[in-house]
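Here is the structure we will look at.
Just so it is clear, none of the values below were taken in a lab; they were calculated from the coordinates. None of the values given here were measured: they were computed from a predicted structure. Note: ideal-geometry Cβ built from the backbone for every residue, glycine included; neighbour counts use all protein chains shown.
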Amino acid sequence: MSDLTTLESEILAQVAAAADEGAIEAVRVSALGKKGAISERMATLGKMAPEERKTAGAALNVLKDKVSEALAARKSVVADAESLHPARGDVSLPSRTLLSVPRIAQTDSGHGRRILVVFSQSSRVNN
């Protein structure tokens, strides 16, 4: 049983450390996948004596349920965090769009009068 508690603590630590959905899926596959740590132990149940199989099978099922619940909870936390802070581009790069800010120029009409001319700027980036 000590082996299962060690395995449980290792897997739950990996789940807690998973920072995105890809990492969560990698932990799920390594624990519950076809060749995962828990699945490999489940495969050895057939070689055990009936009484030993009963207790070991129950313990493995409890572990499997705990890991599944932890994975689902972590996936929910990561999804909530990503929805609050969507992926952004590199903020150190200049913006690709310009604000529409009017340009104001003063010109002399030649008769001693100044005329203010307002130029509208397009919101497209001039390349």
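Could you tally the net charge around Ser30, taking each other residue with its Cβ under 12 Å from the Cβ of Ser30, Lys/Arg +1 and Asp/Glu -1?
Numbers: positive: Arg28, Lys34, Lys35; negative: Glu10, Glu25, Glu40.
Around Ser30, the charge tally is 0.
Send over the semi-axes of region 2-84's equivalent ellipsoid, whole angstrom and largest first, taken as the square roots of 5 times the C-alpha gyration tensor eigenvalues. List each step's numbers first, then the result.
Details: eigenvalues 159, 24, 18 Å².
Each semi-axis is √(5λ); the values are 28, 11, 10 Å.
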Under Karplus coefficients 6.51, -1.76 and 1.60, residue-wise ³J(HN,Hα) of region 61-74 in Hz, glycine/proline x:
5, 4, 4, 4, 5, 4, 5, 4, 5, 5, 5, 5, 5, 5
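Find the relative contact order for region 2-84 and round it to a whole percent, using C-alpha pairs within less than 8 Å whose residues are 6+ positions apart.
Numbers: 51 pairs, mean separation 31.0, N = 83.
RCO, region 2-84: 37 percent.
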Here region 32-49 yields Karplus 3J(HN,Hα) values (6.51, -1.76, 1.60; θ = phi - 60°; whole Hz; Gly and Pro given as x) of 10, x, 3, 10, x, 4, 6, 4, 5, 5, 5, 5, 7, 4, x, 8, 8, 5
